[in-house]
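The values are calculated or read from the model by the stated rules, or taken from the named source; none is laboratory data. What you are looking at is a predicted structure, and each value in this text was computed from that prediction instead of being measured. Don't worry about glycine lacking a Cβ; one is built from the backbone with ideal geometry, like all the others, and counts go over all protein chains shown.
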Amino acid sequence: MKPHKQPHSTVSVSLLALTLLCKLSVVWACPSSDCSCQINKGRYIVRCNGRGLTAIPKFKTDDTTYDELTLADNNIDSLPNDAFKGLKIKHLDLSKNPISTIDSGAFSGLGGLTTKLVLHVNQMTQFPSSALSPLVNLQHLELKGFAVTSLPDTALAGLSKLQILMLESCGLVDITSSDLTNQQSTLVELNLLANALTSVPTAAIASLQNLASLNLAGNQIGTIKSGDFDGVAKLTKLDLASNGVRSIQEKGFTALTNTLLQLRLQRNHLQDREILPLMQLGQLRVLDLAYNGVTNIPSGLFASMKYLEEADFTKNNLSNIKKSMFLGLDDSVKILKFAENHIAEIESGAFEQLHVLEELHLDEQPDLSGVLNAYTFGGLENSLKMLNLNKVKFSTSNWPAVHSLVGLQALKLANNDIDNVPDSTFLRLNSIATLDLSYNSITGVSQPALNGLQTSLKSIDLSNNQIMSLDKCVFYQFDNLATIELKANPLNCDCRLRWLRKWVEEEYNTPFLLLAITWKCASPSEHADVLFRKLSINDLTCDSSTSTPTTCQDLRSTTTTTHKAESTTTTTLTPHQVSPATLFINITDVKDTSITVTWFVNGTEGITGFSVEHQVLNTETPPKRKLSTHRM
C-alpha cells in the first residue's frame, strides 16, 4: 500500500515552487519587449537580432549582468550617447548594421565589465577613438566597414588588455607599430582581412611579442619578400589568401621555420617554382594552396614537413599524381585534396607510403574512368576513411578501385556514369556508414549489391537516379540505417514499396522529421507527383498479378567457390573475414587481337612473391610469357 500523503505537504511544496518561480521571474526579467531572453548553461543572453530595429531599444535596467547582448542584423544607423546606460554587458554584438554615426559617449558606463565588442558600420570615415576609450577591459574587438586608410593617433591607446583585434574591410593601406603600442604584450590574434595593404606590415607585427595568429587575406600583397616576418617569434597561423601573390622570395618565410603550423595561400597566382620556398616550413600541419596555378608538385616539397596533416591543391592545373610528390609525408598526412584539377594519370603505388591518410578528395576531374583500377589506392586499404570521387566519370568498370578499401567509412560517387552496382561490391567494405550514389543512372539495386554494409550503413543517397522501385530485401538486416534519400527518381508507388512506407514511419516518427522526405511518386497515375510521405500503406496497392518476396535471404554469411589448379575448395566468408591470398583478375577492352588484363592480390601475409603468366593457345608449341613478377 502506498503511504498516505498529507494535504499540507502538497500545499507546502506548491508554495515553495511558486516562491521559486517568483524569485526567478524577478531576477530574470527581459530588459526589452523588442528582444527575447534565455539562460543557456548559466549564461544570461538577450537576443534582439533580426528584429528590423532602426534604433537601440529602451532597456529596463537592474542588477543583472548580461553575458551577451546581440543587436546584430538590424537597421540601426546610429549609436547615441548613453545608448546602453545602466546595463551590465560582457559581450555586445552590433554586427550587420548600417551604422553611420557613433557619439563619443555611446559606450559610457560599459567600461568596467565589457570584454567583447563586435561593431559593423557603413563606411564611416571617422574612427570612433573617443567612443572606444572607456572600454578599458576590452579583450576582443571586431570592427568592420570603416573607410579609413590609417588609424588615427592613439586610436587604441586605452585598450591595453586587447587579445584579439579584427579590423576588416576598413581600407587600411598600412598599420604601424605605434598603432599597437599598448597591445605589444597582450595581442595574440590580429585580423586585417580585406583591407588595401600592398605589403606585409613587418614593423607592426614584429612589435607584438605574443602574436600567434595573423590574417592578411583579401589584401593586395603581390610578393612575399625576404624578411617580411623577421621578429615575429611566436606566429603559428598565417592567412595570405586572395592577395594576388605571384612570388615568394627565397627567405620569405625563413623567420617562421620553427613556429608556423598553418599556412593558407589559396586563391593566389602561385605556380610550381613559386612554392619552393615553402620547403623550409618544417613545422607545418596545414598547407592550403587551393585555387592557384600549380601544374606539378615539386619533388621534395614536403621532404622536411614531417608533421604535415593536411594539404589542399584543389583547383590547380595538376595533370598527374606521382609517388615522388609525397616524399616526407609517410606517417603524417591525413587529408589530401586534389579536387577540380585535370588529373589524367595516377602512378601505380602513388599512395602506398601514406600510412595514415584518412581523407582523399579526387572529385570533379574531367575523366578518371581510364585511370581508376585495382591498384590505384594500393597502400590505403586500412587507413582511408573517406574517398570523394564525385563527378569523375566513374563507371561500373571502375568498381575494382574501391574493392580493397576495407577501412572506408564514407564513399562519395555522386554525379558519375554508374548505371548499376554489381553484386558483392561492398562485401569487404563493412565500415562504410555514408554512401552517396546520387546523380547517376542507376535503375535498381539488388540485395547482393549492398551485401557487407548491413551493420555499418547509416545513410545512403540514391537521389536523382532512374529507380522505379526497391525490393524490400535490399535493406534487409540493415539495423543502423537511418537515412535513405530517393528524391528525383521515377518511383512507382505500388505495393512493392509498402515496406519503405513502414520504414519511413518508424525512422521519421515526428511531423518535423517527416518534412525531410521530399520524394515524389511518378506512377501509378493516381499517385503521380504526390509526396511519398503523404501516402498511407493502404494507398500502395497492386493487382493480383504482382508478386512481392515473402522472405529475404540472409547474406551476412556468403558461400563462395574458389578454383585452384584442378581442385575445388569451398570457403565461408563473413564481412569481417577475408580469405588470405585472393587473386583478383579483371579483363577489359576485349578486341580481336588484344585484351587488357589487370590484377591485384589481397591478403599477402606469408607470400614472398608471385608471378602472372599467360599462354597463347592453338599453336603448335604454346609459349608462356611472363607478364609480371612481384617480390614482397
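Among the residues of the range 529-549, write down those that are among the small types (G, A, S) and either surrounded by 13 or more Cβ atoms within 10 Å (Cβ to Cβ) or more than 41 Å from the chain's Cα centre (by Cα) (or both).
S544, S545, S547
Would a scan of the range 552-564 turn up a residue that is at pLDDT 70 or above, part of a loop (DSSP other than H, G, I, E, B), surrounded by fewer than 11 Cβ atoms within 10 Å (Cβ to Cβ) and touching a helix residue (DSSP H, G or I) at 6+ places or on another chain (Cβ under 9 Å)?
So far as the range 552-564 goes, no, none of its residues is at pLDDT 70 or above, part of a loop (DSSP other than H, G, I, E, B), surrounded by fewer than 11 Cβ atoms within 10 Å (Cβ to Cβ) and touching a helix residue (DSSP H, G or I) at 6+ places or on another chain (Cβ under 9 Å).
A quick yes/no check of all residues on (1) within 30 Å of the chain's Cα centre (by Cα); (2) in a loop (DSSP other than H, G, I, E, B):
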residue	(1), (2)
Q454	yes, yes
S463	yes, yes
I467	yes, yes
K472	no, yes
D479	yes, yes
L497	no, no
E505	no, no
E526	no, no
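Which condition from (1) surrounded by fewer than 13 Cβ atoms within 10 Å (Cβ to Cβ); (2) charged (D, E, K, R); (3) touching an Asp or Glu at 6+ places or on another chain (Cβ under 8 Å) is the one that E485 breaks?
(1)
Output the residues belonging to the range 81-97 that are of a type in the set (K, R) and either part of a strand (DSSP E or B) or crowded, with 20+ Cβ neighbours inside 10 Å (or both).
Answer for the range 81-97, where residues must be of a type in the set (K, R) and either part of a strand (DSSP E or B) or crowded, with 20+ Cβ neighbours inside 10 Å (or both): K88, K90, K96.
If you take the residues of the range 166-186 that are in contact with a helix residue (DSSP H, G or I) (Cβ under 7 Å, 6 or more places away or on another chain) and of a type in the set (A, V, I, L, M), which of them is nearest to N219 (Cα to Cα)?
The qualifying residue nearest to N219 (Cα to Cα) is I175.
Anything in the range 276-296 that is crowded, with 20+ Cβ neighbours inside 10 Å and part of a helix (DSSP H, G or I)? List them, or say none.
L278
Just give me the residues in the range 503-512 being farther than 19 Å from L462 by Cβ and either in contact with a Leu (Cβ under 7 Å, 6 or more places away or on another chain) or surrounded by 11 or more Cβ atoms within 10 Å (Cβ to Cβ) (or both), in sequence order.
Hit for the range 503-512 is E505, nothing else.
State whether one or more residues within the range 299-313 are assigned to a loop (DSSP other than H, G, I, E, B), more than 19 Å from A217 (Cα to Cα), under 22 Å from the mean Cα position of the chain (by Cα) and of a type in the set (S, T, Y).
Yes, the range 299-313 contains at least one residue that is assigned to a loop (DSSP other than H, G, I, E, B), more than 19 Å from A217 (Cα to Cα), under 22 Å from the mean Cα position of the chain (by Cα) and of a type in the set (S, T, Y).
Against the condition in contact with a helix residue (DSSP H, G or I) (Cβ under 8 Å, 6 or more places away or on another chain), modelled with pLDDT of 95 or more, surrounded by fewer than 19 Cβ atoms within 10 Å (Cβ to Cβ) and more than 30 Å from Y307 (Cβ to Cβ), how does S369 come out, does it pass?
Here the answer is yes, as S369 does meet what is asked.
Given the conditions (1) over 18 Å from K502 (Cα atoms); (2) without any contact (Cβ under 8 Å) to a residue 40 or more places away in the chain, and given that Q454 satisfies all but one, which numbered condition is not satisfied?
Exception for Q454: condition (2).
I need the full set of residues from the range 80-124 which are among the polar types (S, T, N, Q) and within 32 Å of the chain's Cα centre (by Cα), in order please.
Hits for the range 80-124 are S95, N97, T115.
Return yes when C37 is touching a residue at least 12 places away in the same chain (Cβ under 8 Å), touching a strand residue (DSSP E or B) at 6+ places or on another chain (Cβ under 7 Å) and either surrounded by fewer than 17 Cβ atoms within 10 Å (Cβ to Cβ) or not polar (S, T, N, Q) (or both) and no when it is not.
No, not satisfied.
Just give me the residues in the range 170-183 being surrounded by fewer than 17 Cβ atoms within 10 Å (Cβ to Cβ) and part of a loop (DSSP other than H, G, I, E, B), in sequence order.
G171, V173, D174, T176
Please go through the range 141-171 and pick out each residue that is over 16 Å from L119 (Cβ atoms) and of a type in the set (A, V, I, L, M).
Selection gives A157 alone.
Just one of (1) touching a Ser or Thr at 6+ places or on another chain (Cβ under 9 Å); (2) in the same structural domain as G50 (by TED's automatic domain parsing) trips up I164, so point out which.
I164 satisfies every listed condition except (2).
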